[in-house]
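**Q** The structure's right below; bear with me while I get my questions together.
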Amino acid sequence: EVYLFFWLFLVSKLALSGLLTTSWRYRVLMYWILAVVTTSFLALFVSASLKWLMIGRREGNRRSPGVLASFSQWACDYHYKLSASIFFSVLPTSRVWNVILRLHGLDVDLR
């Protein structure tokens, strides 16, 4: 998990490297805030990808899930919890959450 966040942070730093080139007083602070938020946003999309790859689309059946399915659900939920914490603290009432929750398979009323 730590390695994944490290690589996502590296990707976000590379994406933002030439973005803030002006000599502004809070340029470094804004760079780090944008890098952390971008990392969290990328991690949420990785979380949705993991969910669809590891769990897939499951219908509500009455059987109890196996050990592998239970572990896959736990791993995806754990990664989502870590990924969403930073992004939710920055943008708690954004409409972006509707898209993110839809990607994770939740039913969201878009009205």
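The values are calculated or read from the model by the stated rules, or taken from the named source; none is laboratory data. Because the structure is a prediction, the values reported are computed rather than measured. Here Cβ is always computed from backbone atoms with ideal geometry, including for glycine, and neighbour counts include all displayed protein chains. Remember, those area values only see protein heavy atoms, side chains included, never the ligands or the DNA or RNA. Shrake-Rupley method; radii C 1.70, N 1.55, O 1.52, S 1.80 Å.
**Q** Quick check: net charge around Phe71, other residues with Cβ under 14 Å of its Cβ, Lys/Arg +1 and Asp/Glu -1? If you can, show how the numbers build up before the last one.
**A** Numbers: positive: Lys51; negative: Asp77.
Once positives and negatives cancel, what remains is 0.
**Q** Segment 1-45: percent of C-alpha pairs farther apart than 17 Å? Don't skip to the end; give the middle numbers.
**A** Working: 300 of 990 pairs.
Percentage above 17 Å: 30.
**Q** Still on this structure: If you count only protein heavy atoms with a 1.4 Å probe, what accessible area per residue comes out for segment 1-90, rounded to a whole Å²? Provide the component values of the computation, followed by the final result.
**A** On the way: 6740 Å² over 90 residues.
For segment 1-90, the solvent-accessible area averages 75 Å² per residue.
**Q** OK, next. For segment 1-39, which chymotrypsin sites (Phe, Trp or Tyr not before Pro) pass both filters: DSSP loop (anything but H, G, I, E, B) and at most 12 other C-beta atoms within 10 Å? The partial results should precede the final answer.
**A** Numbers: sites: Tyr3, Phe5, Phe6, Trp7, Phe9, Trp24, Tyr26, Tyr31, Trp32; in loops: Trp24, Tyr26.
Taking segment 1-39 and a limit of 12 other Cβ atoms within 10 Å, the loop chymotrypsin sites (Phe, Trp or Tyr not before Pro) found are Trp24, Tyr26.
**Q** Okay, next question. Where the Cα atoms of the chain are projected onto their three principal axes, how long is each span, largest first, in whole Å?
**A** Over the chain, Cα extents along the principal axes are 61, 37, 18 Å.
**Q** If each residue of separation counts as 0.36 nm, what is the full-extension length gain between Val99 and Lys81 once their alpha-carbon separation is subtracted? All intermediate terms of the calculation are to be shown ahead of the outcome.
**A** Details: separation 18, 0.36 × 18 = 6.48 nm, distance 1.64 nm.
That pair, Val99 and Lys81, stretches by 4.8 nm at full extension.
**Q** Find the relative contact order for the chain and round it to a whole percent, using C-alpha pairs within less than 8 Å whose residues are 6+ positions apart. Walk me through the numbers on the way to the answer.
**A** Values: 61 pairs, mean separation 33.3, N = 111.
Computed value for the chain: 30 percent relative contact order.
**Q** Considering only protein heavy atoms, with the full assembly of protein chains and a 1.4 angstrom probe, order Ile55, Ile86 by accessible area, largest first.
**A** On the way: Ile55 35, Ile86 70 Å².
Listed by decreasing accessible area, they come as Ile86, Ile55.
**Q** Quick one: with all protein chains in place, what share of the accessible area of segment 1-106 is carbon or sulfur, to the nearest percent (1.4 Å probe)? It would help to have the intermediate numbers written out before the result.
**A** Details: 5200 of 7810 Å².
Carbon and sulfur: 67 percent of the exposed surface of segment 1-106.
**Q** Once both axes come from the Cα atoms, what is the angle between helix 27-50 and the longest principal axis of the chain, in degrees from 0 to 90, rounded to 10?
**A** 20
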